[in-house]
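First comes the structure, then the notes that go with it.
Read the figures in this text as sums done on the coordinates, not as results from a lab. Fair warning: this is a prediction, and the values are worked out from it, not measured in the lab. Glycine also receives a Cβ, built like all others from the backbone with ideal geometry; neighbour counts cover every protein chain displayed.
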Amino acid sequence: MELDMERIPKHIAIIMDGNGRWAKKRFLPRLAGHKAGSETLREIIETCGELGVQHLTVYAFSTENWGRPDEEITGLFNLLRGYLNTEIETMDREGIRINAIGDLTGLPEDLRKQIAAAMEKTKIHSKLQLNIALNYGGRDELLKAVQQIASEVRDGTMALSSVTEETIDAHLFTKGIPDPELLIRTSGELRLSNFLLWQLAYSEFYFTDVFWPDFKRNELINAIKEYQNRKRRFGKL
Ligand code: IPE
Ligand code: IPE
Ligand code: MG
């Protein structure tokens with residue numbers, strides 16, 4: 001089957017999983033898996049750009065990942081620092097807008113500044129928006145939305161009767177971003193792990209046993225082909 005260029009999903013979300021197992025299989029440290037995973041991300045971003053995907057949202061660090069050893073957390077953040085550093089010029093040149101979603105206040109100060117600078121530098125672009133989920137948790141996102149809406153209602157700036165699904169959308173980290181049509185999770189795990197709980201309500205799910213570092217261009221194309229074979233019904237007949 002050929003890829004139908006008229007039906008490329010506008011928004012693809014990815015749970016980039018399996019870096020650790022990829023490394024273990026090769027008798028390498030886990031961090032080598034994360035490094036290889038960052039190279040895959042570069043290729044996937046490039047491919048999404050070529051295919052005309054408008055939003056790519058990737059799960060890079062969850063609110064639960066704080067439970068990992070300090071050494072791994074530090075390694076992941078260092079990798080991200082290096083990645084932003086080396087990739088920013090290319091992304092700027094290629095028309096990619098960088099955005100971060102999640103509770104950024106929980107991140108190291110310098111990384112937060114680096115992310116803010118990358119977002120500022122690329123905010124004029126609209127070809128492809130890369131949403132990096134960092135210190136992101138779907139429940140945390142919904143909790144923060146509820147708290148904010150409740151305080152607006154309490155202060156009288158919003159009427160309870162005017163709270164709608166759109167109000168909730170507008171209070172999420174993903175405000176203004178359309179819901180993903182396609183969610184991909186690599187490495188054979190069949191769960192959401194607290195990713196985009198609200199936004200994935202009607203997305204198509206694609207699971208593959210391939211570990212994230214091995215999820216290259218063709219794997220993405222296969223996922224999109226399978227998506228194009230699905231019949232989305234949205235509860236109708
Ligand atoms: C995904 O790979 C990357 C992050 C969660 C940061 P893992 O590190 O979860 O790899 P596995 O699941 O242990 O193989
Ligand atoms: C989900 O993967 C988080 C990211 C990919 C950043 P995990 O490896 O942390 O999820 P679990 O622990 O298998 O559910
Ligand atoms: Mg994992």
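Considering only the range 1-21, state which residues are touching a Ser or Thr at 6+ places or on another chain (Cβ under 8 Å) and within 20 Å of Asn99 (Cα to Cα).
Applying the first criterion (touching a Ser or Thr at 6+ places or on another chain (Cβ under 8 Å)) to the range 1-21 yields 11-18, 21.
Of everything in the range 1-21, those that are touching a Ser or Thr at 6+ places or on another chain (Cβ under 8 Å) and within 20 Å of Asn99 (Cα to Cα) turn out to be His11, Ile12, Ala13, Ile14, Ile15, Met16.
I want to confirm something. Restricting to the range 57-71 and keeping residues that are outside any helix (DSSP H, G or I) and more than 16 Å from the chain's Cα centre (by Cα), which single residue is surrounded by the fewest Cβ atoms within 10 Å (Cβ to Cβ)?
Within the range 57-71, the first condition is being outside any helix (DSSP H, G or I), and the residues that meet it are 57-62, 68-69.
If we keep only those that are more than 16 Å from the chain's Cα centre (by Cα) too, we end up with 68-69.
Working: Arg68: 15, Pro69: 9.
Among them, the one singled out is Pro69.
Being within 12 Å of ligand 1 (Cβ to nearest atom), of a type outside the set (Val, Ile, Thr) and farther than 20 Å from Asn194 by Cα narrows it down to one of Leu41, Leu3, so name that one.
Leu41
So if I check each of Asn135, Asn99, which one is within 16 Å of ligand 1 (Cβ to nearest atom) and within 18 Å of Ala13 (Cα to Cα)?
Numbers: Asn99 fails: within 16 Å of ligand 1 (Cβ to nearest atom).
The unique qualifying residue is Asn135.
If you scan the range 191-236, which residues turn out to be within 16 Å of ligand 1 (Cβ to nearest atom) and either in contact with a strand residue (DSSP E or B) (Cβ under 6 Å, 6 or more places away or on another chain) or on the phi > 0 side of the Ramachandran plot (or both)?
Ser193, Asn194, Phe195, Leu196, Phe207
Would you mind finding the one in Thr86, Thr157, Thr105, Thr74 that is free of Cβ contacts under 8 Å to residues at least 40 places away in the same chain, farther than 19 Å from Gln199 by Cα and assigned to a loop (DSSP other than H, G, I, E, B)? If you could, list the steps in order and put the result at the bottom.
Values: Thr86 fails: assigned to a loop (DSSP other than H, G, I, E, B); Thr105 fails: assigned to a loop (DSSP other than H, G, I, E, B); Thr74 fails: assigned to a loop (DSSP other than H, G, I, E, B).
Result of the check over Thr86, Thr157, Thr105, Thr74: Thr157.
Based on what the data block shows, is Arg30 charged (D, E, K, R) and within 11 Å of ligand 1 (Cβ to nearest atom)?
Numbers: charged (D, E, K, R): yes; within 11 Å of ligand 1 (Cβ to nearest atom): yes.
Against the criterion (charged (D, E, K, R) and within 11 Å of ligand 1 (Cβ to nearest atom)), Arg30 qualifies.
Filtering the range 8-35 down to residues that are assigned to a strand (DSSP E or B) and out of contact with any helix residue (DSSP H, G or I) (no Cβ under 8 Å at 6 or more places or on another chain), which residue is surrounded by the most Cβ atoms within 10 Å (Cβ to Cβ)?
Ala13
Could you grab me the full set of residues in the range 175-187 that are among the polar types (S, T, N, Q) and buried (at least 24 other Cβ atoms within 10 Å of the Cβ)?
Just the residues of the range 175-187 that are among the polar types (S, T, N, Q), to begin with: 186-187.
Once the filter is applied, which keeps residues that are among the polar types (S, T, N, Q) and buried (at least 24 other Cβ atoms within 10 Å of the Cβ), the range 175-187 yields only Thr186.
Could you please find all residues in the range 10-26 being under 19 Å from Leu197 (Cα atoms) and either of a type in the set (Gly, Ala, Ser) or more than 14 Å from ligand 1 (Cβ to nearest atom) (or both)?
To start, the set of residues in the range 10-26 that are under 19 Å from Leu197 (Cα atoms) comprises 10-17.
Result: Lys10, His11, Ile12, Ala13.
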